[in-house]
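Inspection log for the structure reproduced underneath, given as structure tokens.
The values are calculated or read from the model by the stated rules, or taken from the named source; none is laboratory data. Worth saying up front: this structure is predicted, and the values here are computed from it rather than measured. Cβ atoms come from the backbone with ideal geometry, glycine included; neighbour counts cover every protein chain shown.
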Amino acid sequence: MTGRTSRALSASLDSLLAQGDPWVTIGERALIELLVELAPTGQGMAHLARYLRTTTARVADDADPQMPRQVQVLLRTIRGLGYNIELPRCARCGEEKLLVQTLHDGVRACATARRRPTRDVATNAVRSGRSASVVAG
Ligand SMILES: [Zn+2]
């Protein structure tokens with residue numbers, strides 16, 4: 001691990017522990033393992049640290065609609081360990097899915113929502129005689 005990665009890891013850890021539980025209960029050692037697995041590259045860890053440093057959300061409780069994918073994965077892992085976690089929902093379909101894309105206003109949406117045609121595309125398809133049920137799927 002490079003010094004830069006190590007500093008970002010340390011910053012991420014501090015940010016989470018400063019938010020209290022469940023992070024404090026999970027503990028520093030387990031959190032370090034989770035974070036390294038989650039963001040093995042320096043760039044990934046720096047991104048994670050930046051989000052954790054700047055967000056005003058309580059990460060485990062507030063279901064921040066702008067939460068990066070890494071943090072969503074972290075929360076899913078923590079939930080799998082039995083902790084009570086609130087995950088953000090897709091800005092388009094409202095489902096509690098992994099939100100892999102960022103919309104223009106910074107909120108997150110799932111991969112399925114990206115493939116859904118816009119209203120204009122659907123309208124044009126109907127005009128051109130294709131089945132509306134196909135584009136709605
Ligand atoms: Zn969605």
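Side notes on the structure shown:
- The residues in the stretch 71-115 that are aromatic (F, W, Y) and assigned to a helix (DSSP H, G or I) can be counted, and the count is 0.
- Looking across the stretch 4-34 at every residue that is within 14 Å of L48 (Cα to Cα) and basic (K, R), the one that is surrounded by the fewest Cβ atoms within 10 Å (Cβ to Cβ) is identified as R4.
- Cβ-Cβ under 7 Å pairs, at least 6 apart or on other chains, the stretch 81-95 side over 12 Å from C110 (Cβ atoms), far side within 16 Å of the ligand (Cβ to nearest atom): E86/A63
- Just one residue in the set L75, L98 is of a type in the set (A, V, I, L, M), in contact (Cβ under 8 Å) with a residue 12 or more places away in the chain and touching a helix residue (DSSP H, G or I) at 6+ places or on another chain (Cβ under 7 Å); that residue is L98.
- So A63, is it near the ligand (Cβ under 10 Å from one of its atoms) and among the small types (G, A, S): no
- Among the conditions (1) modelled with pLDDT of 95 or more; (2) within 15 Å of the ligand (Cβ to nearest atom); (3) not aromatic (F, W, Y), R79 misses just one, which is (2).
- Tallying residues that are free of Cβ contacts under 8 Å to residues at least 60 places away in the same chain and not in a helix (DSSP H, G or I) within the stretch 1-50 yields 9.
- Residue satisfying condition, being small (G, A, S), at pLDDT 90 or above and either within 11 Å of the ligand (Cβ to nearest atom) or exposed (fewer than 13 other Cβ atoms within 10 Å of the Cβ) (or both), within set A132, A111: A111
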